[in-house]
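Here the structure is laid out as structure tokens; the discussion comes afterwards.
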Amino acid sequence: MGTVPSALKHCLSYQHLLKEQLWIGEPPAAAHPAQEPQASGLPEYIKIVEVGPRDGLQNEKVIVPTDIKIELINQLSKTGLPAIEVTSFVSSKWVPQMADHKEVMRGIERHPGVQYPVLTPNLQGFHSAIAAGATEVSVFGAASESFSKMNINCSIEESIEKFEEVAKSARNMNIPMRGYVSCALGCPYEGNIVPDKVAEVSKRLYSMGCYEISLGDTIGVGTPGSMKKMLEAVMKEIPLSALAVHCHDTYGQALANILTAIQMGVAVVDSSVAGLGGCPYAKGATGNVATEDVIYMLNGLGINTGVNLYAVMEAGNFICTALNKKTNSKVAQASFNTGTIN
Amino acid sequence: AYPKRVKVVEVGPRDGLQNEKNVVPTPVKINLINMLSETGLPVIEATSFVSPKWVPQMADHTEVMQGINKLPGISYPVLTPNLKGFQAAVAAGAKEVSIFGAASEQFTRKNINCSIEESLERFDEVMKAARAASIPVRGYVSCVLGCPYEGKISAAKVAEVSKKMYSMGCYEISLGDTIGVGTPGSMKEMLAVVMKEVPVGSLAVHCHDTYGQALANILVALQMGVSVVDASVAGLGGCPYAQGASGNVATEDLVYMLNGLGIHTGVDLQKLMDTGTFICNALNRRTNSKVSQASCRL
């Protein structure tokens, strides 16, 4: 390959690339026949659930001021994302980053057509969330007993009982409830997790009324091999349309795992703007998959998400500047010379 | 269905180091290749017999070629852009060579200062000499999923250039997503067209991770029957076309995925990670491999 420096000068400039929307931007209105998702068995539309403001920020070292959180969510609301996880109604003793949950919930703009779910680990958190204006909640189970004990200090069964209380109240108030299953492809304490266990916990959450189950590869150890096996087991118990995948990119496997899931018909994918949120179990390693990188892949597959990639990159740039950190999104790194817009 | 075995072609010592800012001393290069030789990798691209005026990082090509331990059963291909390079390579002990074409006219012009047609004529000289010396030749096609100058690249053009190089006698064609812009969609479309002209058993993919798409693209290629994948230890080698962005996909991350799929590679992931640690320390840089980052307890 030839000399490097001169190539850069003659290359299509960043501005040119964005204007031409060569790699970034909306997918073509008339999808190329070879890329038509239906022809390849892929979903035509995928719902992206943005977890940056909650899962992302919760795992960032720097505590983010309330007004920055609100601005981030407001920017995300304008990108076309259909669901944005806003905050967590958990005791500030446990999760200081989410101490301002009420203020954030009350302070954000609520765009029509966008859902703003919040985490509610128990009935107390649920009531607090509703009082603050929440209209959708999430509960977090795990496929690992050890993880459940270490994370929320009770067994899986005990946690299910707590969630059932939340589910009852949610049902009474017509509040949709989403269920998460952590450690779906591996546990930092137990190692390998049996797919049938994931299916069992998923089924409990679904039966109590969760409209959707998000299967989380909490430590990012999964591969297309283990993703397929796990989904096959879960799909025996839960309808495909009620499944989501929440992949971490700690071992660089997230997009390959997501691709495997969508090839099996999963049509809901969780991700985090700028790949916010490191891994609490592997120091210095990454965590959530970056929303920008997911959308770039889905655009390339001709799959509709309704999301404007450039707008997400701008929101990513905003929060990375505020956090004084480099983005974890490779698309953002490649598009902006220094990983940020100047 | 996936292939049962995948041949991993390690390009770190050449493609990786060539795109690193810091010039690496010859003994470090030799040690890197020797360590890679212990990991089980079947092919390690050792260096490039190109003029040091163009690629200063590869100026020590003869010393490297002569200095490395060549283990039996492992291939050590080298780049040879023209007849002169080929002859120097053979004199230095090379037993396999590679030539680099492109699916983009502008990229060829900017990169090697001639048209695609002219570049193939140059390669033809190398092919003739290689055939006479019984030296296998691997062909690379750059810009298969996009070009930094032309933008979109037609799959038909990729197939045309691949077919020409395969007909000239290349035993394998490595299809390179040079700027990493490809997605599983464009990878599938491109391979479908190329596979009409070149048998899938002679195809390899060389994916860059500049937009984070490499492993997903490789997964699709495997699903279509490709069983040779290029990668670079520690993800060495940035992207010359997007400042600060990453380039080659990391061999560790690739092997991690293949292991998870139950696909045999013969590669010892731990030894590979140790090699990555070695070269990153020598280059005074962080690894680009996520598997390595996650496994490091520091």
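The values are calculated or read from the model by the stated rules, or taken from the named source; none is laboratory data. Quick caveat: nothing in here was measured; it's all calculated off a predicted structure. Neighbour counts are summed over all protein chains in view; Cβ atoms, including those assigned to glycine, are modelled from backbone coordinates with ideal geometry. All accessible areas refer to the heavy atoms of the entire protein, side chains included, with ligands and DNA or RNA removed. Shrake-Rupley method; radii C 1.70, N 1.55, O 1.52, S 1.80 Å.
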What's the average, rounded to a whole number, of partner chain beta-carbon atoms within 10 Å of each residue's beta-carbon in A:213-225?
-> 3
Test item: Cα-centred dipole of the stretch A:47-335, Lys/Arg +1 and Asp/Glu -1 on Cβ, debye = 120
Links exceeding 32 Å between C-alpha atoms in this model, out of A:K228/B:K196; A:K229/B:K152; A:K330/B:K188, come to A:K229/B:K152
Can you give the calculated 222 nm mean residue ellipticity of chain A, where each DSSP H run of n ≥ 4 adds -39,500 (n - 2.57) and the sum is split over every residue, rounded to the nearest 500 deg cm²/dmol?
-> -11500 deg cm²/dmol
Which FRET efficiency value, to the nearest 0.05, is calculated for A:S91 and B:T26 with the Förster distance at 60 angstrom and r the Cβ-Cβ distance?
-> 0.50
Distance from the stretch A:278-295 to the stretch A:122-165 (C-alpha centre basis), Å | 23
Once you list every other residue whose beta carbon is under 10 Å from the beta carbon of A:A129, what net charge do they have if Lys and Arg are +1 and Asp and Glu are -1?
-> 0
Put +1 on the Cβ of each Lys and Arg and -1 on the Cβ of each Asp and Glu in chain A; which of A:S214, A:Q75, A:S169 then has its Cα farthest toward the positive end of the dipole?
-> A:Q75
In debye, nearest 20: dipole of the stretch A:174-296 around its Cα centre with unit charges on the Cβ of K, R (+) and D, E (-)?
-> 220
Accessible-area order (highest first, 1.4 angstrom probe) of the listed residues A:M105, B:M35 = B:M35, A:M105
Burial ranking of peptide ranges B:176-188, A:59-71, B:46-58, B:219-231 (average Cβ count within 10 Å, highest at the top) = B:176-188, B:219-231, B:46-58, A:59-71
Carbon/sulfur fraction of accessible area - chain A, other protein chains in place, 1.4 Å, % | 52
Per residue, in Å², the accessible surface of chain A once ligands and nucleic acids are set aside, probe 1.4 Å | 39
Size of charge dipole - the protein assembly as shown - debye, nearest 20, with Cβ of Lys, Arg +1 and Asp, Glu -1, no other charges = 720
Considering the dipole of the stretch B:141-298 built from charges on the beta carbon (Lys and Arg +1, Asp and Glu -1) around the Cα centre, which of B:V181, B:P199, B:V228 is farthest to its positive end?
-> B:V181
Take a quick pass over the stretch A:63-193 and tell me how many lysine pairs come in under 20 angstrom between Cα atoms, counting only ones 8 or more apart or on separate chains.
-> 7
